[in-house]
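S.K.: Quick one: the structure is below, questions incoming.
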Amino acid sequence: MATLRDIKRRIKAVQSTSKITKAMKMVAAAKFRKAQQRMFEMRPYADRMASVLSSLAASADHEIHPLLKLRPRKNVEVLVITSDRGLCGAFNTNILRAAMNHISTLKKDGFEVGISTVGRKARDYYKRRGIQLRKSWTGISGRVAYSNVQEIASDIIESYINETIDEVILIYNEFKSVVAQKIIVTRLLPLSPIETKEELLSVDNFIYEPSKEEIFSSLLPKNVEIQIFRSLLESQASEEAARMSAMENATQAANDMINSLTLQFNKARQAAITKELMDIVGGVEALKG
Amino acid sequence: MENKLKLEIVTPYGLVVSEDVDEVLCTGSEGEFGVLPGHADFVTTLKIGMLTSKKGNETKIYFVNWGYAEVGTDKITVLADSAERSEDIDVERAKAAMKRAEERLRKNAESDFNKAEAALERAATRIQVAQLKIPK
């Protein structure tokens, strides 16, 4: 049986772990609030952008811009968004598993698949498996800046226009609530066929200024940027939320452990006292004898 | 038909305004234009400039930094990189930005000439918009 001192030492160790996880939870909570606010601020813009684009694309010709053009798919690019840091529960594992599933389905269907990643976790995951990455970005999660997004977007758009890739799939965690993230697998390029209202189809009734070509050539890449930006912000808020609940669970587990260890400690102490008493009583009885 | 125009200005940092107005004046890339209810469908890019909205006797002025405007019969949606109401403009900050931009232009580093020029224009327009008196 463990001695009193052993138990005491373990209690101390678990206590300091619980202090750390509690602090980490608090940090995650603060970061989460910030990330969530940015995400909520971003949403109306992304939504309006989508609605403007869909009303434009409904009446536009697909030939007008390379990003709208339909062409046979052969090379599919998968962009996986994870976090840079761990300790956030199953956040990264889930997304990487979903990505793997999707990639193997694509490969089975005969597509050439390339992989790009955002976040250190995804990069390391593929590196360990010896899978070549087309591109990887790290050090973004935590402070997503628009310039990071522009870098990613311009790289993707360039490869798409060069026809080195024919389709781009975006895989990321969407923020649902503090305890729930949803894995989103969505097509970034070519722009998803937009549902068109029939009366809009035949007539191009928009007036464009300066010109249709110019509007599209600035609006379409912008839309790609915005979508990536949005998914990065969603992913970040989800990450912090996941970390928050992971740390909450860890703190809880540590406290449970402290309780059971304390119980064990008290029992051991009690046993020691009882044993000592018995010795004394035994001694007294012997002297009386 | 409803005789109002729904003005919405959104930026990546949030919704700046969403309200019904009577008239909107914008700075488009091809020059200024006004929008009244019942306007034809219209899409344009916006320059750094100002946007004025009128509702009854009330006039509001906004600073708009690049973007797009989509006009429909009863709405105008502005997607801007950034936008502020004239009262909310931080003039001190804009002045500082202007100074920085001027300095960079003076050094004349080829690489960021365009950037500095844009920054200068942004700052100058901000200050101009902030100091405009709202006509009664």
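The values are calculated or read from the model by the stated rules, or taken from the named source; none is laboratory data. Predicted, not measured: the structure shown is a model, and the values here were computed from it. Using ideal geometry, Cβ is built from the backbone for each residue, glycine included, and neighbour counts are taken over all protein chains shown. Accessible surface is based on the protein model in full, side chains and every heavy atom, while ligands, DNA and RNA are left aside. Shrake-Rupley method; radii C 1.70, N 1.55, O 1.52, S 1.80 Å.
S.K.: Set the Förster distance to 56 Å, then compute FRET efficiency between A:Gln15 and A:Arg129 from the Cβ-Cβ distance, nearest 0.05.
M.R.: On the way: r = 39 Å, r/R0 = 0.69.
The value I calculate is 0.90.
S.K.: Report the Cα centroid-to-centroid distance between region A:108-149 and region A:246-289 in angstrom, as an integer.
M.R.: 53 Å
S.K.: How far apart, in nm, are the 7 Å Cα→Cβ label points at A:Ser260 and A:Lys8?
M.R.: Between A:Ser260 and A:Lys8, the simple spin-label model gives 2.3 nm.
S.K.: At 0.36 nm per residue, and after removing the present C-alpha to C-alpha distance, how many nm does the segment from A:Met100 to A:Ser218 gain when stretched out fully? Write down the numbers at each step before the final one.
M.R.: Details: separation 118, 0.36 × 118 = 42.48 nm, distance 3.37 nm.
Contour length minus the Cα-Cα distance gives 39.1 nm.
S.K.: To the nearest 10 square angstrom, what accessible area does A:Arg134 show with a 1.4 Å probe?
M.R.: Only protein atoms counted, so the area is about 90 Å².
S.K.: Once you have all Cα-Cα distances for region A:30-246, histogram them in 10 Å bins from zero and send the whole-percent values.
M.R.: The distribution over region A:30-246 is 8, 33, 34, 20, 6, 0, given as percents.
S.K.: What percentages make up the Cα-Cα pair-distance distribution of the protein assembly as shown when the bins are 10 Å wide from 0?
M.R.: 4, 16, 22, 21, 16, 8, 5, 4, 2, 2, 1, 0
S.K.: Fully extended, how many nm does the chain gain between A:Lys22 and A:Ser51 (0.36 nm per residue separation, minus their Cα-Cα distance)? Intermediate results must be reported in sequence, preceding the final value.
M.R.: Numbers: separation 29, 0.36 × 29 = 10.44 nm, distance 4.29 nm.
That pair, A:Lys22 and A:Ser51, stretches by 6.2 nm at full extension.
S.K.: Springs between alpha-carbon atoms under 10 Å, Gaussian network over chain B: tell me which of B:Ala80, B:Ala116, B:Ala96 tops the mean-square fluctuations.
M.R.: Residue with maximal mean-square fluctuation among B:Ala80, B:Ala116, B:Ala96: B:Ala96.
S.K.: With the Cα gyration tensor of region A:1-119 giving a ≥ b ≥ c as the square roots of its eigenvalues, does the rule (a/c under 1.5 for rounded; else a/b larger than b/c for prolate; else oblate) give rounded, prolate or oblate?
M.R.: oblate
S.K.: At a Förster distance of 56 Å, what's the computed FRET efficiency of A:Ala30 paired with A:Val281, Cβ-Cβ distance as r, to 0.05?
M.R.: Working: r = 59 Å, r/R0 = 1.05.
Efficiency, from the Cβ-Cβ distance: 0.40.
S.K.: Another one. What residue among A:Tyr208, A:Tyr160, A:Tyr126 shows peak mean-square fluctuation when chain A is described by a Gaussian network model with Cα springs under 10 Å?
M.R.: A:Tyr208
S.K.: Work through the residues other than A:Met24 whose Cβ is under 14 Å from its Cβ and net out their charges, Lys, Arg +1 and Asp, Glu -1. All intermediate terms of the calculation are to be shown ahead of the outcome.
M.R.: On the way: positive: A:Lys19, A:Lys22, A:Lys25, A:Lys31, A:Arg85, A:Arg243; negative: A:Glu239, A:Glu240, A:Glu248.
Result for the local shell: +3.
S.K.: Among A:Leu263, A:Ser16, A:Ile131, which residue has its Cα positioned farthest towards the positive end of the charge dipole of chain A, with +1 placed on the Cβ of Lys and Arg, -1 on the Cβ of Asp and Glu, and the dipole taken about the Cα centre?
M.R.: Result: A:Leu263, furthest along the dipole toward the positive end.
S.K.: State the extension gain, in nm to one decimal, for the chain segment bounded by B:Leu15 and B:Lys115, taking 0.36 nm per residue of separation less the distance between their alpha-carbons.
M.R.: Values: separation 100, 0.36 × 100 = 36.00 nm, distance 2.60 nm.
Stretched out fully, the B:Leu15 to B:Lys115 stretch lengthens by 33.4 nm.
S.K.: On to the next question. Counting only other chains, what is the mean number of Cβ atoms within 10 angstrom of the Cβ of each residue in peptide A:44-53? Before the final figure, lay out each step's value.
M.R.: Details: counts 8, 9, 3, 1, 9, 6, 0, 2, 6, 3.
Shielding by partners across A:44-53 averages 5.
S.K.: Can you give the charge dipole size of the protein assembly as shown about its Cα centre, rounded to the nearest 20 debye, using +1 on the beta carbon of Lys and Arg and -1 on the beta carbon of Asp and Glu? Mind showing how you got there, number by number?
M.R.: Working: 63 positive and 57 negative charges, 657 e Å.
Around 3160 debye, computed over the protein assembly as shown.
S.K.: So how many Å³ per residue does the convex hull of the Cα atoms of chain B work out to?
M.R.: Numbers: hull volume 14.5 nm³, N = 136.
Hull volume normalised by residue count: 106 Å³.
S.K.: A further question follows. What stretch of chain B, leaving out the sites themselves, is the longest with no GluC sites (Glu not before Pro) in a DSSP loop having at most 12 other Cβ atoms within 10 Å?
M.R.: Values: sites that count: B:Glu2, B:Glu30, B:Glu110.
The answer is B:31-109.
S.K.: Moving to a separate point now. Tell me the carbon and sulfur percent of the accessible area for the protein assembly as shown, rounded to whole percent, probe radius 1.4 Å.
M.R.: Values: 11840 of 22870 Å².
Carbon with sulfur: 52 percent of the solvent-accessible area.
S.K.: Would you mind getting the accessible area per residue of chain B, heavy atoms of the protein chains only, 1.4 Å probe, in Å²?
M.R.: On the way: 7250 Å² over 136 residues.
Value for chain B: 53 Å² per residue.
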